[in-house]
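I have placed the structure first, in the form of structure tokens, so that the comments after it can refer back to it.
All of the numbers you see were taken from the coordinates with simple rules; none came from a lab. Since we're looking at a predicted model, the values are computed, not measured. Here Cβ is always computed from backbone atoms with ideal geometry, including for glycine, and neighbour counts include all displayed protein chains.
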Amino acid sequence: MGLRKALRLYVITARGDREEVRRVREALEGGATSIQLRAKSVTAREAYLAGRQIRKLTREYGALFFVDDRIDLAIALDADGVQLGPGDIPIEVAKNVVPNLIVGASVYSVDEALKAEELGADYLGAGAVFSTPTKPEARVLGLGGLREVVKRVSIPVVAIGGITHENAGEVMKTGVDGVAVISTVMCAPDVKKATQELKNVVGGV
Ligand code: TZP
Ligand code: MG
């Protein structure tokens, strides 16, 4: 699957530990096209052990596998890509050290988006589209800001932050390649059903 298509329904772990792997499988069954291992508050060892299982599952389901923040974990897990924010290793360094790794940049403004593209990012995670309790400190880009990002860059864009079944349709109308979600899928009582229903809104293979 090409990168743009793989960004359509991008599901991110809430905790990134082994207990969450069952829900990752359900998200893949429901049609997630990418999975990101985001593990802010577990040890690198725990994230690695969860990541090994997620790597295997994503291969089984033909989805891409990304690691948030940490290039060391991305390499150790043979991930398809890494998602780098302002506090992580610089984009151009990651591209130099591991040329085959897809590098996504987390951007919170049009300026950051333009800069990340210039530095060689392969795609952008742009947000927060809406304010979200999952990351309350994230700057809010809004639908207008998102539309502007899409207009100004030529690399693929996935939208993130506060995306639900109710608003995913208008998010897609901004021209983004897809939506990235944590709580709408990973915290749903029925993960597979929540994924399928979101897929019905955003479309794609
Ligand atoms: N980056 C910007 S907003 C956000 C991240 C990681 C959190 C997204 O979580 P949710 O639950 O889908 O709003
Ligand atoms: Mg990050």
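Just a few scattered comments:
- Rg/Rh, computed from the Cα trace of the range 89-205 with Rh as the Kirkwood radius, has the value 0.99.
- Among the listed pairs 56/173; 115/135; 151/193, those whose Cα-Cα separation exceeds 25 Å are 56/173; 151/193.
- Extension gain for residue 118-residue 60 works out to 17.5 nm (0.36 nm per residue, less the C-alpha to C-alpha distance).
- GNM on the chain, alpha-carbon springs under 10 angstrom: the most fluctuating residue among 70, 45, 23 is 45.
- Per-residue ellipticity at 222 nm computed for the chain from its helices equals -11500 deg cm²/dmol, with DSSP H segments shorter than 4 residues left out and the rest contributing -39,500 (n - 2.57).
- Here the ratio of the Cα radius of gyration of the chain to 2.2 N^0.38 Å is 0.92.
- Debye intensity ratio in log₁₀ form over the Cα atoms of the range 1-75, taken at each q of 0.18, 0.27 Å⁻¹: -0.61, -1.32
- Charge dipole (debye, nearest 20) of the chain; +1 at Cβ of Lys and Arg, -1 at Cβ of Asp and Glu: 420
- Across 184, 43, 33, mean-square fluctuation computed from a Gaussian network of the chain (C-alpha pairs under 10 Å connected) peaks at 43.
- Gaussian network model of the chain, Cα within-10 Å springs - most flexible of 19, 29, 117: 19
- Counting every other Cβ atom within 10 Å of each residue's Cβ, 8, 55 order from fewest to most as 55, 8.
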